[in-house]
1. With a/c under 1.5 counting as rounded, go ahead and sort the stretch 307-372 into rounded, prolate or oblate using the C-alpha gyration tensor (a ≥ b ≥ c being the square roots of the eigenvalues; past the cut-off, prolate if a/b is larger than b/c, else oblate).
2. Under 14 Å from the Cβ of GLU205, count the other residues' Cβ atoms, weight Lys and Arg +1, Asp and Glu -1, and hand me the total.
3. Rounded, prolate or oblate: which fits the stretch 156-233 when a ≥ b ≥ c are the square roots of the eigenvalues of the alpha-carbon gyration tensor, with rounded for a/c under 1.5 and prolate only if a/b beats b/c?
4. Say the cut-off is 26 Å between C-alpha atoms; which of LYS358/LYS400; LYS162/LYS400; LYS162/LYS189 go over it?
5. What does the charge count near PRO309 come to, summing +1 for each Lys or Arg and -1 for each Asp or Glu among other residues with Cβ under 14 Å from its Cβ?
6. Shape of the stretch 357-401 from its Cα gyration tensor (a ≥ b ≥ c, root eigenvalues): rounded if a/c is under 1.5, otherwise prolate when a/b > b/c, or oblate?
7. As a footprinting exposure proxy, order LYS400, LYS162, LYS358 by other Cβ within 10 Å, with the fewest listed first.
8. Which one, SER295, VAL285, ALA333, is farthest towards the positive end of the dipole of the stretch 241-400 when Lys and Arg carry +1 and Asp and Glu -1 on their Cβ?
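Read the figures in this text as sums done on the coordinates, not as results from a lab. Note that the structure is predicted; figures quoted are calculated from it, not measured. Methodologically, a virtual Cβ is constructed for each residue, glycine included, from the backbone with ideal geometry; neighbour enumeration extends over all protein chains shown.
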Amino acid sequence: MADSKKSPRPKGSRTSGNTGGSGWSTSRPGGKNGGKPAGKGGQERRSGAGKSVRKPGGSPQGGHARREDDPRISGGYGKPRAERKAPSKAPRPAPVDDFDFDLDVDLSGEAPAAFPSPARPAKNARDARPPRREGRAPAAQAKAPARPAAESSGPEALEEGKSVTAGRNPVRELLLSAPRRIDAVYVRKGLREARVQEIVALADENRVKVHFVDDVFLRRLHSGTHQGVVAVTAAVEYADLDALIAAVADAPLPVLLALDQVQDPGNMGAIARTAWALGAAGLIVPRHGGAYVGSGAMRASAGALHHLPVARVTNMSQALDACADAGLSILCADSEGEDLFAAEIRLPAVLVMGGEEKGVRHGVSGHCQQRLSIPFRREFDSLNVAQAAAICLARLGQVKG
């Protein structure tokens, strides 16, 4: 009967649930809150018909026995992951509308007038845009605020070598003393003071052009204090054409040099330097299209422009006609003209020199009476306009004797 005896169980220990088969159980001592599990590890293994065998070094698993016949294990926790079934989700009940009224609106067709459909761009709307021009600035740069551009009413004020006189009193005194030195007067828009009105009246009286511009343009001319009035002045005071024609006969070399759109101030200064040294009567320059008689031309002339009279004309052809009416012969430097050293030349005369690239313009050369060319002993393109003027003046000096 030894087999029918039950194995002794420690006092206060118990098993949870049916222990059939093999499984794990946790032994707890009795008491209100329980105590430490019996044995060192606190776990027993039951085998056979309810016999428990302690697992060495075991630890309680949450205070509950793990059994193979536990419904939690047999229901899915003990099965492989592939055999588990995903819990079914109950369908969510449909929302209940608390507003119990109907709208008598037919939404089956188009939207009613009270709810217009939003306008949608066509599929090919992007293709219908005009093509972007090459070199156009990116959108980020296009949105940047652009700097206000100055007015272009006085382009001559932006040329290199020009000097300015700023302030109301200095400009007024310049208009009273040397109005021929002034190219233009620039007045800020909106000024109505009496002194400003006097400056405008003096400029009109001396036939000096007045431009009404904004403050940005004035600051480009003069960065200091300008009081809203700036005058652009030449390095010399221009002479009157009639007075220059009358003084030709008294010059050591009775010749006037007319510069038809000579662009380089250095060339203009070099021509003035040669003309003054050889005794010429003066220069005739166009108001537009030629080099400006400024600091650059003054440096190139080595100070000769302070002594040589310069007349500025609006129309070069009309100026040549006026010289011809006064009895001066009109000479023109042209590569297709007659030999400078063999031609018969009559003085006093006006020698017309053309620009660096195109020479004398066709409309101006039509008012010339005689064309002269410098003979070359070797094949070469052309000479600099200042060099050609020096050679021609030297030859005219020989004619004068």
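1. Numbers: a/c = 1.55, a/b = 1.19, b/c = 1.30.
The shape class here is oblate.
2. Numbers: positive: ARG172, ARG180, ARG207, LYS209; negative: GLU198, ASP204.
Net charge in that neighbourhood comes out at +2.
3. Values: a/c = 1.58, a/b = 1.10, b/c = 1.44.
Oblate is the answer for the stretch 156-233, as a/c is 1.5 or above yet b/c matches or exceeds a/b.
4. Numbers: LYS358/LYS400 30 Å; LYS162/LYS400 37 Å; LYS162/LYS189 23 Å.
As for pairs spanning more than 26 Å Cα to Cα, those are LYS358/LYS400; LYS162/LYS400.
5. Numbers: positive: ARG180, ARG181, ARG312; negative: GLU237, ASP240, ASP242, ASP250.
Result for the neighbourhood of PRO309: -1.
6. It comes out oblate by the Cα gyration axes.
7. Numbers: LYS400 15, LYS162 20, LYS358 10.
Sorted ascending by nearby Cβ count, the order is LYS358, LYS400, LYS162.
8. With unit charges placed on the Cβ atoms, the residue in question is SER295.
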